[in-house]
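Participant: One structure is given below, represented as structure tokens, and several questions about it will come after.
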Amino acid sequence: MKRAVLALIFPLLLLGAWQLAASGSLLSPAYFPAPSRTFEALYQSIISGSLWSPLSATAVRMLEGWVLASLLGILLGSFIGSSRLGREFLQPSLEFLRPFPASAIIPAAIMLLGLSNQMAIFVIAFGSVWPVLLGTLHGFSAIEPRLKEVASTLEMRPIHYLFKMAIPSALPDIFTGIRISLAIALILAVVVEMQAAQPGLGQNILLAQRMFRSPELYAGIIVLGVFGLFANRSLNVIEMYFLNWKDQR
Amino acid sequence: MAGRGKGLLVPILVLALWEMLSRAGVLPIETLSRPTDVFAAGIAALFDGSLFVSTFQTLQAAFVGLCISIMLGVPVGLLIGISPTARLTAAPSFEAMRPVPPVALIPLSLLIFGFGVSMEAAVVGFACVWPIMIATTAAVGTVEGRLEEIARALEMTTFAYAKKIVLPATLGRIAVGVRVAVGIALVVAVTVEIVVNPRGLGYGMIIAQQSLRSDLMYAQLIWIGFVGWFVNGLLMRLDDTVLSRFNVAGAEQ
Amino acid sequence: MAAIVIRNVSLSFGQGPAARQILTDINLQVGSGEFVSIIGPSGCGKTTLLRLVGGLLPPSAGTIVCDGVEVQKPSRQRAIVFQDYGKALLPWRRVWSNVSLAFEAAGMEASQLKERAVDLLRIMQLEAVADHYPGQLSGGMQQRVQIARSLAQNPRIWLMDEPFGALDAITRQQLQDEVARIARERKITVIFITHDLEEAIYLGDRVVALGAHPGRILEEIEVGLPRPRDQLTTREDPLFLAHRHKLFGLLQEH
């Protein structure tokens, strides 16, 4: 109980001070609208239903790109990771691409695919594939060699080895990659919307800025934050289910 | 085959294949330039100085943003790490703010600062403050309890304790957090330039794309990759020297 | 007919002057259902010999024939029990599921897996922890799980690499008796690696002593003690002590 009180004091004080400053015209209402106006804008968008369309557009776009990237990343990562040759020849190139800004691919994508939803999915998938690929690669290259010997003694078929030993063994690393991927997918979804004028929360926020409607602007940011949190927590739940053996000690 | 040679084989083969297909007319030259054209455009941009100007602008904004995030993130991280009350009070709020994608703040930053360095640095600062804060707090957690007892015995103020004992002990790990933040800083800076800000490497690519200069665009794209890779490598070497100076077991990833 | 025939087997790594000779001229025959203990100092190649018989790596020279078939790759028939049980079990599968892995590899129907696995766990007195994860078990129990899985392979040959080396004395004695009993009941041929002299004599019908640098057979001793053996009385038997003296001296020299 005491923890909850402490946790709330900080934001409440901050918001309270902000509200006072805004009402007393200490803060410019154009840049720092009173929290009451922001929450009202938020409330309005929820009950009028105007929130859901752009939110779902962004969410769907993010999910499509992210799922595509994850599947591709796991597939490629397991192929490359299982083959020593593959690792030696390809890992340096992949490590070079790791710090690459995914958004930098947007101009090229626009040139190749135009200002379309396909371009958006492509950009999101392209940017999100690297963490999953590298995570899977690492997971596969770190498989306990003793397990491979067990598999050969049991005369396990290669396909069984892949699904019963290799993938479960690599799963923690794969999940790490997927989690990072999710964050990147959301960021890219918003960026692409802003850049290519695709309908969604990103575009909403940008329009709000152009029209100097700052309460809508802040409301949009809050919605994105909440959605990001929700997506992350959902993934955590899924991860807990698959990796629940780790906590049993 | 030498170790480093192996890594280069695949990229070289890919580029050679790309070149051949382009010359054979299989790949559309308007949208997928030949590697040789890209290389030529890159050299030209290098020599006429435009590449350096853009690179400087991007790095400048990234650097300023990074400084902001360090100046905010390290003290706050220390405070949260040292004082349980501070952690209980402030940490939940930070947890709530963290999931906001930095790019969502672009319009807000634009609204407040208008176009230019400040706006970009602000977004970079917001993006980088979290990894630095988290790294700092985690680093404080590894400081031995004994040091805290000594500080209490000497009746040090929290401020003195932070400055004289905690900070030097945690510098190594904070350095690792900074390295992560630098990567983020570059990515965010380029992203802001692509979306709105008319300066830097990101903007250069947009201009090239809109003028249908695909060779220049790809040249800048590859250049960005090199910059990222170079800066990352530089920091890793720096990290090693910092860590060895403070006698911390290295290889912190 | 002998179950295992090792003829003129040598193993070396590397080429030219830097070549390391791990094993030279190993000649050994193990009868069907026989329990052979192999002892020797560290680095004498006893683990390597086991892995050769298991088919995990090929010899540089010579042949290994099991049940009339030359050994070229691992087989279910030659079950291996590794020393590092922690690394040989799947931490993300429950205990019974680890055992059923052998059944799955052999193509058993899914509906029968758990039942048959629990049957084997009962033999190893692990029935109570069937639904636990390996990480929740003690070292001794984890090794029992590995042994249960090796039994699930329905092997004709058991290859055990210092299986009890990491366990405490009491657990070790319990498992020694269990392994001896199961091997006799199921008529499994056993090659048992250990560096514990007494364990080798206690368990084996024969003890083979290897010397190091390079690995070679120093001596073979017929144990000749009556079965079933008993932890207390057998170890006090004059014959047991005589073997112990002899082998102790042998290993001291080398």
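Participant: Using the charge dipole of the stretch B:35-245 (Lys, Arg: +1 at Cβ; Asp, Glu: -1 at Cβ; taken about the Cα centre), state which of B:Phe230, B:Pro75, B:Ser211 has its Cα farthest towards the positive end.
Facilitator: B:Pro75
Participant: Once each part is reduced to its C-alpha centroid, what is the distance from the stretch C:146-218 to the stretch B:121-195 in angstrom?
Facilitator: 55 Å
Participant: Between the stretch C:64-124 and the stretch A:104-149, how far is it from one alpha carbon centroid to the other, in angstrom?
Facilitator: Taking the Cα centre of the stretch A:104-149 as reference, the centre of the stretch C:64-124 is 37 Å away.
Participant: Hey, another quick one. Taking neighbour Cβ counts within 10 Å as the exposure measure, how do A:Leu27, A:Leu115 sort from fewest upward? Present the calculation step by step, with values, prior to reporting the outcome.
Facilitator: Values: A:Leu27 16, A:Leu115 13.
Lowest to highest Cβ neighbour count: A:Leu115, A:Leu27.
Participant: Sticking with this structure for a sec: What average count of beta carbons from other chains do you get within 10 Å of the Cβ of residues in C:87-94?
Facilitator: Working: counts 6, 6, 3, 8, 6, 10, 4, 2.
Taking the mean over all residues of the peptide, I get 6.
Participant: If the cut-off is 13 Å between C-alpha atoms, which aspartates and glutamates fall inside it for B:Lys6, apart from same-chain ones fewer than 8 positions away?
Facilitator: Hits, sequence-local ones excluded: A:Glu88.
Participant: Follow-up question, since we're still on this one. From the helices alone, meaning DSSP H stretches of at least four residues, give me the mean residue ellipticity at 222 nm for the protein assembly as shown, per-run term -39500 (n - 2.57), in deg cm²/dmol to the nearest 500.
Facilitator: Details: 30 runs with 487 residues, N = 756.
Taking each H run of at least 4 residues, the total per residue is -21500 deg cm²/dmol.
Participant: Provide the convex hull volume over Cα atoms per residue for chain B, in Å³. Can you show the working numbers first?
Facilitator: Values: hull volume 40.5 nm³, N = 253.
Measuring per residue, one finds 160 Å³ for the Cα hull of chain B.
Participant: So how compact is the stretch C:85-154: Cα radius of gyration and Dmax in angstrom?
Facilitator: That works out to 10.6, 31 Å for Rg and Dmax.
Participant: Moving on. Kindly put C:Asp196, C:Asp230, B:Asp48 in sequence by how many other C-beta atoms sit within 10 Å of each C-beta, fewest to most. Present the calculation step by step, with values, prior to reporting the outcome.
Facilitator: On the way: C:Asp196 16, C:Asp230 13, B:Asp48 10.
Ranking C:Asp196, C:Asp230, B:Asp48 by Cβ neighbours within 10 Å, fewest first, gives B:Asp48, C:Asp230, C:Asp196.
Participant: Here is a further query. With label points built 7 Å along Cα→Cβ from the Cα atoms of B:Leu8 and B:Leu154, find their separation and express it in nm.
Facilitator: 5.3 nm
Participant: Within 10 Å of each candidate Cβ there may be at most 14 other Cβ atoms; applying that plus a DSSP loop requirement, which GluC sites (Glu not before Pro) in the stretch C:87-153 survive?
Facilitator: Values: sites: C:Glu104, C:Glu109, C:Glu115, C:Glu127; in loops: C:Glu109.
Here the sparse-neighbourhood loop sites are C:Glu109.
Participant: Go from 0 up to the bin containing the longest alpha carbon distance in the stretch C:103-254, width 10 Å each, and give me the % of pairs per bin.
Facilitator: The percentages, shortest bin first, are 9, 35, 33, 16, 7, 0.
Participant: How about the stretch A:1-91: which chymotrypsin sites (Phe, Trp or Tyr not before Pro) there lie in a loop by DSSP and see at most 16 other Cβ atoms within 10 Å? Could the numbers behind the result be given before it?
Facilitator: On the way: sites: A:Trp18, A:Tyr31, A:Phe39, A:Tyr43, A:Trp52, A:Trp66, A:Phe79, A:Phe89; in loops: A:Tyr31.
In loop regions of the stretch A:1-91 (DSSP not H, G, I, E or B), the sparsely surrounded chymotrypsin sites (Phe, Trp or Tyr not before Pro) are A:Tyr31.
Participant: On the Cα set of chain A, report Rg and Dmax in Å, please.
Facilitator: 22.8, 78
Participant: Please rank B:Val227, C:Val95, fewest neighbouring Cβ atoms within 10 Å first, as an exposure proxy. Could you put the intermediate results ahead of the total?
Facilitator: Working: B:Val227 19, C:Val95 28.
Arranged by neighbour count, lowest to highest, B:Val227, C:Val95 become B:Val227, C:Val95.
Participant: In addition: Please get the size of the charge dipole for the stretch A:62-200, origin at its Cα centre, with Cβ charges of +1 on Lys and Arg and -1 on Asp and Glu, quoted in debye to the nearest 20.
Facilitator: On the way: 8 positive and 8 negative charges, 47 e Å.
Roughly 220 debye, rounded to the nearest 20.
Participant: Calculate the length of the line joining the C-alpha centroid of the stretch B:101-118 to that of the stretch A:1-78, in whole Å.
Facilitator: So the separation of the two Cα centres works out to 16 Å.
Participant: A follow-up question, please. Given Cβ point charges of +1 (Lys, Arg) and -1 (Asp, Glu) and nothing else, what value in debye, to the nearest 20, does the dipole of the stretch C:85-154 about its Cα centre take? Please report the intermediate quantities before stating the final value.
Facilitator: Numbers: 8 positive and 6 negative charges, 46 e Å.
Dipole size: approximately 220 debye.
Participant: Quick one: which residues, 5+ away or cross-chain, put their amide H under 5 Å from the amide H of C:Ala3? H built at 1.01 Å from N.
Facilitator: Sorted by chain and number, the residues that satisfy this are C:Val30, C:Gly31, C:Ser32.
Participant: Let me ask something else about it. Quote the convex hull volume per residue of the protein assembly as shown, based on C-alpha atoms, as a whole number of Å³. Please report the intermediate quantities before stating the final value.
Facilitator: Values: hull volume 183.5 nm³, N = 756.
Here the figure is 243 Å³ per residue.
Participant: Same structure, new question: Might you report the magnitude of the Cβ-based charge dipole of chain B about its Cα centre, with Lys and Arg at +1 and Asp and Glu at -1, to the nearest 20 debye?
Facilitator: Working: 16 positive and 15 negative charges, 69 e Å.
Computed charge dipole of chain B: roughly 320 debye.
Participant: Let me ask another. Sort out the exposed loop chymotrypsin sites (Phe, Trp or Tyr not before Pro) in chain B (DSSP loop, at most 14 other Cβ within 10 Å) and tell me the longest stretch that has none. Walk me through the numbers on the way to the answer.
Facilitator: On the way: sites that count: B:Phe115, B:Phe246.
Value returned for the longest uninterrupted segment is B:116-245.
Participant: Here's another thing I want to ask about it. Quick one: 3J(HN,Hα) in Hz for the stretch C:17-24, Karplus 6.51/-1.76/1.60 with θ = phi - 60°, rounded, Gly and Pro as x.
Facilitator: With the stated coefficients, the stretch C:17-24 comes to x, 7, 5, 10, 8, 8, 9, 10 Hz.
Participant: Follow-up. Among the listed pairs A:Lys148/C:Lys46; A:Lys164/C:Lys73; A:Lys246/C:Lys46; C:Lys187/C:Lys246; A:Lys246/C:Lys114; A:Lys246/B:Lys163, which are separated by more than 32 Å between their Cα atoms? All intermediate terms of the calculation are to be shown ahead of the outcome.
Facilitator: Values: A:Lys148/C:Lys46 21 Å; A:Lys164/C:Lys73 21 Å; A:Lys246/C:Lys46 35 Å; C:Lys187/C:Lys246 29 Å; A:Lys246/C:Lys114 22 Å; A:Lys246/B:Lys163 38 Å.
Too far apart for the 32 Å limit: A:Lys246/C:Lys46; A:Lys246/B:Lys163.
Participant: Whole-Hz Karplus ³J(HN,Hα) for the stretch C:159-173, in order, using 6.51 cos²θ - 1.76 cosθ + 1.60 and θ = phi - 60°, x for Gly and Pro?
Facilitator: Result, rounded to whole Hz: 10, 10, 9, 6, x, 9, x, 9, 10, 6, 4, 5, 4, 4, 5.
Just so you know, all these numbers are worked out from the coordinates, no wet-lab data involved. Remember, predicted model here, so these are calculated numbers, not experimental data. Counting neighbours? That spans all protein chains shown, and the Cβs are built from the backbone with ideal geometry, glycine included.
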